[in-house]
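The values are calculated or read from the model by the stated rules, or taken from the named source; none is laboratory data. Just so we're clear, the structure is a prediction, and the values are computed from it rather than from any experiment. Neighbour counts run over all protein chains shown; Cβ positions are idealised from the backbone, glycine included.
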Amino acid sequence: MILTGIMIRLNLTESFVRALSPVLKPLLSISLNGIYALVIGFLCGFPMGAKVIADLLSRGKLSQKEAQFLLSFCNNIGPIYFMSFALPVLGLQKKAPYLFGMYGLPLLYGIILRHTLYKNMTPVEERRRPPSGSRQTSFKTPLMVLSAAESKQTDTLLDALDDSIMSSLYGISKLGGYMVLFNLLNLIPQFFLYNKYLYGIHICALLNCLLEITSGISRMGNCAPLVVLLLLPFGGFSCIAQTYSMIKDTALSLKSYVLHKLALSAVTALYYGIWLLFSPSTFLL
């Protein structure tokens with residue numbers, strides 16, 4: 001969070017991803033800042049994609065429509081988390097087909113969206129870094145730091161570092177609060193559904209995945225890997241709440257975001273269904 005905050009405030013995002021533009025621009029026709037949001041959203045996991053998109057939008061580096069487009073497919077589970085935690089807990093040995101299902105499908109989904117629902121979208125033109133202006137200082141409380149930081153278009157290194165640290169600490173504390181809350185909510189079903197099963201799946205474990213995906217995966221284990229693989233693109237209600245906390249001060253639509261997440265889960269189900277149909281001997285290995 002701190003590093004991405006510094007890069008956004010110092011207008012370094014375009015330079016960081018310029019080498020990727022020959023590949024991604026023809027596919028998605030987005031700005032360099034849009035490419036930066038895409039890269040962070042795919043590599044850093046929930047809810048960093050949403051935070052970066054919201055920060056870039058607030059600072060005028062993304063248009064409203066481009067930001068909403070990126071949010072629809074760029075806010076994903078991080079690959080390190082997926083490969084080092086999710087796949088081993090689920091008992092899955094192969095990596096390539098699951099990586100494609102987790103990251104290739106959202107990228108293809110984004111390409112399709114760009115040429116259908118968002119075919120008339122015009123990205124914000126890339127900006128040259130403006131010359132350093134006069135330094136503006138103001139007193140900011142921790143609760144005001146996000147809006148105060150976003151109101152400045154250029155910062156000195158120390159200003160950017162200070163604002164990024166405060167913004168990150170505030171954001172991390174909120175995310176931790178959401179995780180604690182949804183883990184506490186997981187205790188409620190245990191009083192009523194402790195020994196209840198649905199098609200061999202413990203209902204409490206399934207609800208656990210829906211509420212808070214990390215603890216849900218731990219509890220589900222390898223008893224129903226397909227169910228978890230279908231829930232991962234959605235992310236669970238905790239991830240949705242965390243995403244909302246990142247975009248609530250913008251005009252980005254949470255409803256649109258959730259609908260696209262549900263659509264991605266459906267596309268993922270279709271992908272695994274095709275895999276099972278054409279290669280049942282290798283399914284979920």
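Listed conditions (1) surrounded by 14 or more Cβ atoms within 10 Å (Cβ to Cβ); (2) under 18 Å from the mean Cα position of the chain (by Cα); (3) part of a helix (DSSP H, G or I) are all met by residue 80, apart from (1).
Per-residue answers, yes or no, for (1) modelled with pLDDT of 75 or more; (2) over 28 Å from the mean Cα position of the chain (by Cα); (3) assigned to a loop (DSSP other than H, G, I, E, B); (4) within 17 Å of residue 82 (Cα to Cα):
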| position | (1), (2), (3), (4) |
| --- | --- |
| 204 | yes, no, no, no |
| 207 | yes, no, no, no |
| 217 | yes, no, no, yes |
| 223 | yes, no, yes, no |
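So in region 100-126, with the set limited to residues that are more than 21 Å from the chain's Cα centre (by Cα) and under 25 Å from residue 59 (Cα atoms), which one is surrounded by the most Cβ atoms within 10 Å (Cβ to Cβ)? Step by step, filter region 100-126, then rank; the result is 124.
The set of residues in region 251-265 that are outside any loop (DSSP other than H, G, I, E, B) and either surrounded by 13 or more Cβ atoms within 10 Å (Cβ to Cβ) or in contact with a strand residue (DSSP E or B) (Cβ under 7 Å, 6 or more places away or on another chain) (or both) comprises 254, 256, 257, 258, 260, 261, 263, 264, 265. Candidates are the residues of region 48-66 that are of a type in the set (S, T, N, Q) and farther than 13 Å from residue 5 by Cβ; the one that is surrounded by the fewest Cβ atoms within 10 Å (Cβ to Cβ) is 64.
Regarding region 137-150, can at least one residue be identified that is at pLDDT 80 or above and surrounded by fewer than 15 Cβ atoms within 10 Å (Cβ to Cβ)? Taking every residue of region 137-150 in turn, none turns out to be at pLDDT 80 or above and surrounded by fewer than 15 Cβ atoms within 10 Å (Cβ to Cβ). All conditions but one from (1) under 20 Å from residue 173 (Cβ atoms); (2) without any contact (Cβ under 8 Å) to a residue 24 or more places away in the chain; (3) not β-branched (Val, Ile, Thr) apply to residue 246; the one that does not is (2). Among the residues of this structure, residue 241 counts as one that is among the aliphatic types (A, V, I, L, M), buried (at least 16 other Cβ atoms within 10 Å of the Cβ), out of contact with any Pro (no Cβ under 7 Å at 6 or more places or on another chain) and farther than 21 Å from residue 87 by Cβ. Among the residues of this structure, residue 97 does not count as one that is surrounded by fewer than 17 Cβ atoms within 10 Å (Cβ to Cβ) and either out of contact with any Phe, Trp or Tyr (no Cβ under 6 Å at 6 or more places or on another chain) or part of a helix (DSSP H, G or I) (or both).
Restricting to region 215-243, what's the tally of residues that are of a type in the set (Val, Ile, Thr), farther than 17 Å from residue 97 by Cα and in contact (Cβ under 8 Å) with a residue 24 or more places away in the chain?
Our first condition is that a residue be of a type in the set (Val, Ile, Thr); within region 215-243, this holds for 217, 227-228, 240, 243.
Within this subset, residues satisfying the condition of being farther than 17 Å from residue 97 by Cα are 217, 240, 243.
Narrowing further to those that are in contact (Cβ under 8 Å) with a residue 24 or more places away in the chain: 217, 243.
Number of matching residues: 2.
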